[in-house]
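Chemist: I am attaching a structure below and will ask some questions about it afterwards.
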C-alpha cells in the first residue's frame, strides 16, 4: 500500500512575529507525540525566493490514507490549528499524494 504525503505551505499575516511563527512550528511538530499514524513530520521556513510568498512548509508522512483521514479531525490537530495556526495564517496551500 502506498504511503501518503501531506504537504502544507503557509503564508503568515504581516503582523505575525517570528516568535509566534516559531511557536506554531513547534506545536505542529509536537503533533507526532499525540496522533497515531504519523510516521514522519517536518516543519521549516523556506529559504528560496521561488515560494510565491509562502513562508513555512509542513511535511507529514503517513502509512496510508486512513492515517491521514484520522489525523485531520483529531482533537490535537484541531487544537494546534485553532490556537497556533489560524491566528497567524493569511493563506495556505495543501497537497496530499500517494508515494511509492
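Chemist: If I ask for residues that are exposed (fewer than 13 other Cβ atoms within 10 Å of the Cβ), without any contact (Cβ under 8 Å) to a residue 60 or more places away in the chain and touching a strand residue (DSSP E or B) at 6+ places or on another chain (Cβ under 6 Å), which ones from the stretch 50-100 would you list?
Modeler: Listed by number, the list holds a single entry, 53.
Chemist: How many residues, within the stretch 1-17, are surrounded by fewer than 16 Cβ atoms within 10 Å (Cβ to Cβ) and within 15 Å of the chain's Cα centre (by Cα)?
Modeler: Summing the residues that are surrounded by fewer than 16 Cβ atoms within 10 Å (Cβ to Cβ) and within 15 Å of the chain's Cα centre (by Cα) in the stretch 1-17 gives 1.
Chemist: Looking at the stretch 18-33, which of the residues that are surrounded by 13 or more Cβ atoms within 10 Å (Cβ to Cβ) and free of Cβ contacts under 8 Å to residues at least 40 places away in the same chain is farthest from residue 8 (Cα to Cα)?
Modeler: My answer is 32.
Chemist: Also, I was wondering about something else. Conditions first: (1) modelled with pLDDT under 95; (2) part of a helix (DSSP H, G or I). Residue 50 passes all but one, so which condition is the exception?
Modeler: (2)
Chemist: Identify, by number, the condition in (1) touching a residue at least 40 places away in the same chain (Cβ under 8 Å); (2) in contact with a strand residue (DSSP E or B) (Cβ under 7 Å, 6 or more places away or on another chain); (3) more than 18 Å from residue 74 (Cβ to Cβ) that residue 44 doesn't meet.
Modeler: So residue 44 meets the others, but not (1).
Chemist: Just to be sure before I move on: is residue 36 assigned to a loop (DSSP other than H, G, I, E, B), surrounded by fewer than 15 Cβ atoms within 10 Å (Cβ to Cβ) and in contact (Cβ under 8 Å) with a residue 60 or more places away in the chain in the structure I sent?
Modeler: Criteria not met by residue 36.
The values are calculated or read from the model by the stated rules, or taken from the named source; none is laboratory data. Bear in mind that the values here come from a model prediction, so they are computed numbers and not experimental data. Glycine gets a Cβ as well: all are built from the backbone with ideal geometry, and neighbour counts include every protein chain shown.
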